Amino acid sequence: MKEQIALIADIHGNVPALEAVLVDIGERGIDRVFCLGDVVGKGPQSALALDMAAERCERMVLGNWEEAVVDGWIRSAPYYQKALGAERLALLGALPRGIFFSMSGRKVKLYHGRTTIKSVVFSNSPKEDVLAALDALDEPSDVVGFADCHQPFCRMCEARMLFNVGSVGNPCDGVPMASYAILRGDMEGKELSPLSVEFVRLPYDNARSAAIARTTPDLPHVEMYIQEVETGRFSRGPAVY
């Protein structure tokens with residue numbers, strides 16, 4: 001059966017961006033949505049973003065920000081723990097690290113990135129890092145989708161496909177537009193058949209996201225977040241964590 005799955009990730013509490021993406025997904029008639037982590041952190045509306053993702057997404061995986069907030073190993077963790085509350089923290093703590101299924105005769109694996117793999121992988125990363133990303137979670141796979149670097153790309157390595165879905169709420173490739181991916185293929189066929197990945201970029205109300213951040217009391221690293229939302233470039237100032 002032909003299937004299309006929208007893959008979203010790295011929302012980072014940016015609700016205006018998430019709203020734009022979910023509207024676009026709906027207008028395309030896509031029923032299945034998977035979330036590849038980092039729904040929370042950095043932005044001002046982590047709780048609402050998580051509620052929206054949990055309601056709309058069929059499956060979700062653990063991101064490095066979820067792990068950091070739940071386990072408390074970043075300095076800003078107390079702020080986000082308070083904002084999220086015990087019930088949401090429990091939901092995050094129970095998330096799996098990976099999603100596995102077959103599509104168009106290929107084994108597909110989806111996960112976030114760090115801390116499942118040791119480093120951030122980009123389109124031009126060394127081959128050994130790409131192979132580590134392909135082999136993550138000790139699960140054989142032909143097609144691997146992940147997030148974490150906030151830059152969408154697709155790369156072939158040893159006849160396997162590695163693709164990054166980009167970031168919904170915190171793109172860092174110089175394009176301040178929301179990013180997500182659509183995976184298309186046959187969920188029932190065991191023989192090789194067409195499989196494709198489409199990258200979608202969407203404008204959203206960046207000014208509204210920045211305004212919400214500015215009026216959110218005590219938001220950690222607020223100016224760095226606003227700079228990234230407005231420019232689509234990662235801030236090279238003091239450490240985000």
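As a summary of the residue check, Phe101 satisfies the conditions (1) out of contact with any helix residue (DSSP H, G or I) (no Cβ under 7 Å at 6 or more places or on another chain); (2) modelled with pLDDT of 95 or more; (3) surrounded by fewer than 19 Cβ atoms within 10 Å (Cβ to Cβ); (4) over 14 Å from Leu7 (Cβ atoms) except for the one numbered (4). Applying the set (1) within 16 Å of the chain's Cα centre (by Cα); (2) modelled with pLDDT of 95 or more to Thr115 leaves exactly one unmet item: (2).
Among the residues of segment 136-161, those that are part of a strand (DSSP E or B), closer than 21 Å to Arg32 by Cα and of a type outside the set (Val, Ile, Thr) comprise Gly145, Phe146. Restricted to segment 177-201, and to residues there that are touching a residue at least 24 places away in the same chain (Cβ under 8 Å) and among the charged types (D, E, K, R), the residue that is surrounded by the fewest Cβ atoms within 10 Å (Cβ to Cβ) is Glu191. Of the candidates Ala6, Ala68, the single residue that is part of a helix (DSSP H, G or I) and either in contact with a strand residue (DSSP E or B) (Cβ under 7 Å, 6 or more places away or on another chain) or not aromatic (Phe, Trp, Tyr) (or both) is Ala68. Taken over segment 9-35, the criterion of being not in a helix (DSSP H, G or I) and not β-branched (Val, Ile, Thr) is satisfied by Ala9, Asp10, His12, Gly13, Asn14, Arg28, Gly29, Asp31, Arg32, Phe34, Cys35. Within segment 36-43, is there a residue that is in contact with a helix residue (DSSP H, G or I) (Cβ under 6 Å, 6 or more places away or on another chain), surrounded by 20 or more Cβ atoms within 10 Å (Cβ to Cβ) and not in a loop (DSSP other than H, G, I, E, B)? No, segment 36-43 has no match at all.
Being more than 16 Å from the chain's Cα centre (by Cα) and in contact (Cβ under 8 Å) with a residue 12 or more places away in the chain is not true of Val168. Filtered by the rule that a residue be among the hydrophobic types (A, V, I, L, M, F, W, C) and either surrounded by 22 or more Cβ atoms within 10 Å (Cβ to Cβ) or at positive phi (or both), segment 150-161 gives a lone residue, Ala159.
The values are calculated or read from the model by the stated rules, or taken from the named source; none is laboratory data. The structure presented is a predicted model; accordingly, all values stated were derived computationally and were not measured. All Cβ positions, even for glycine, are placed from backbone atoms using ideal geometry, and neighbour counts span all protein chains on display.
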